[in-house]
Amino acid sequence: MEVSGDVAEETAAASAERPESIRREELRLIPVEVDAGKAIYREVLPGIMQIPADAALALARSSSIWPMTFGLACCAIEMIATYMSHYDLDRFGIFPQASPRQSDVMIIAGTVTKKMGPSVKLLYEQMPNPKWVISMGACANNGGPYTRYSRVVQGVDKLIPVDVYVPGCPPRPEALMDGFIALQHKIMEERGKAS
Ligand code: SF4
């Protein structure tokens, strides 16, 4: 639409007459110019990204850890708290699963009694490979406060292999998150070895 010379002059004059504060506000509302940029790998290898297959697999595995929802004693309450929105494990790709057949990490959260030991082993065996175990808390690590109780297993590593030990009685959610990050590093370091 064409604007006549008189109208344009009137508009410019009206703009000039605006108070300084309004003109500053208008300047602040000018949209930011965005430089789309280019990912560095696209500059080095346009359209191509080379990565070893085992590294890609390990990256996928470490970024989508699915622990089994399974707790044994008071440490399980801290584990449940870690899954809640305040700590938000989802942002690490960590989603609890209700079945060992869809899980790749077992968190031993609590006291392992000799009565419970066979069930812990059975659940571990039902998990598909590759699989990992986090021992959470003093009880699972070495019997904790129950070192003199003959009916308590003195460390779950007597029954199944453990990858990460999280100390504490109980460990805080931050400690469990630290354990997950340690496990992610381990998965990346052991890439190519996991079946
Ligand atoms: S380590 Fe402490 S908090 Fe955890 S299960 Fe044992 S007694 Fe309970």
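Label sites at R24 and R172, each approximated as a point 7 angstrom past Cα along Cα to Cβ, lie 4.4 nm apart. Taking amide hydrogens as placed 1.01 Å from N in the peptide plane, the amide H of Q97 sits under 5 Å from those of M68, T69, each at least 5 positions away in sequence or on another chain.
Beta-bridge orientation, the range 40-195: approximately 10 percent antiparallel, per DSSP, counting only bridges with both partners inside.
Across the alpha-carbon set of the range 52-172, the Rg to Rh ratio works out to 0.98, Rh being the Kirkwood radius. Computed from Cα atoms, the angle from the helix 53-62 axis to the main principal axis of the chain rounds to 80 degrees. Against the chain, whose longest principal axis comes from its Cα atoms, helix 173-189 is set at around 90 degrees. Shown here for the range 92-131: trypsin sites (Lys or Arg not before Pro) in loop regions (DSSP other than H, G, I, E, B) with at most 13 other Cβ atoms within 10 Å, namely K114, K115. The alpha carbon centroids of the range 55-107 and the range 24-43 are separated by 38 Å. Rounded to the nearest 20 debye, the dipole size of the chain about its Cα centre is 2100 debye, using +1 on the Cβ of Lys and Arg and -1 on the Cβ of Asp and Glu. Could you work out how far helix 117-126 tilts from the main Cα principal axis of the chain, as a 0 to 90 degree angle to the nearest 10? Long axis of 117-126 versus the principal axis of the chain: about 50 degrees. Each label point was placed 7 Å from the Cα along the Cα-to-Cβ direction; for K186 and A98 their separation is 2.8 nm. Computed across the range 16-118, the Kirkwood radius stands at 19.2 Å (inverse of mean 1/r, all Cα pairs). Computed on the range 27-71, the Cα convex hull volume stands at 167 Å³ per residue. Sorting 26-38, 176-188 by their mean Cβ neighbour count within 10 Å, with the most densely packed peptide first, gives 176-188, 26-38.
Going down the list K158/K193; K121/K193; K38/K131, which pairs span over 30 Å between their C-alpha atoms? Correct reply: K38/K131. Summing +1 for each Lys or Arg and -1 for each Asp or Glu among the other residues whose beta-carbon sits under 12 angstrom from that of G143 gives +3.
The numbers here are math on the coordinates, done by the rules we state, and not lab data. Keep in mind the model is a prediction, meaning the values are calculated, not measured. Note: ideal-geometry Cβ built from the backbone for every residue, glycine included; neighbour counts use all protein chains shown.
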